[in-house]
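Worksheet for the structure shown next.
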Amino acid sequence: MDDTFELPYPEWQSPLLEVILEFDPEKLAEKARKVTGLILERLLELQQSNCGHEERAAILDGLSILKTIKCDRLGPAISPGPKRVAAKMIGAETAL
């Protein structure tokens, strides 16, 4: 039995997985900034097409995971955070 799996959106899911597995606060903060930038960049790309609905849903899930990790391991955020920005970008703010 093969226990490996492929991430459907490795461009941003692989760095998110690194954040999930990171416990050093300094490294975590840097990796979290990196994956936030990658996700927001990808959302900008998706904005220019009518497809990508499944990836947008996955991005919102990823941003939720990222927010939880940042709050739990780095303390509460001061700004509204990337999930609110992303939701505005994809027109899903009412879902928050």
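The values are calculated or read from the model by the stated rules, or taken from the named source; none is laboratory data. Worth saying up front: this structure is predicted, and the values here are computed from it rather than measured. With ideal geometry, Cβ positions are generated from the backbone for all residues, glycine too; neighbour counts draw on all protein chains shown.
Of the candidates 45, 41, 18, the single residue that is more than 15 Å from residue 67 (Cβ to Cβ), acidic (Asp, Glu) and touching a helix residue (DSSP H, G or I) at 6+ places or on another chain (Cβ under 7 Å) is 18. Every condition in (1) touching a residue at least 24 places away in the same chain (Cβ under 8 Å); (2) assigned to a helix (DSSP H, G or I) is met by residue 8 except one, and the failing one is (2). Applying the criterion of being of a type in the set (Gly, Ala, Ser) and modelled with pLDDT of 85 or more to the residues of region 53-93, the residue that is farthest from residue 34 (Cα to Cα) is 57.
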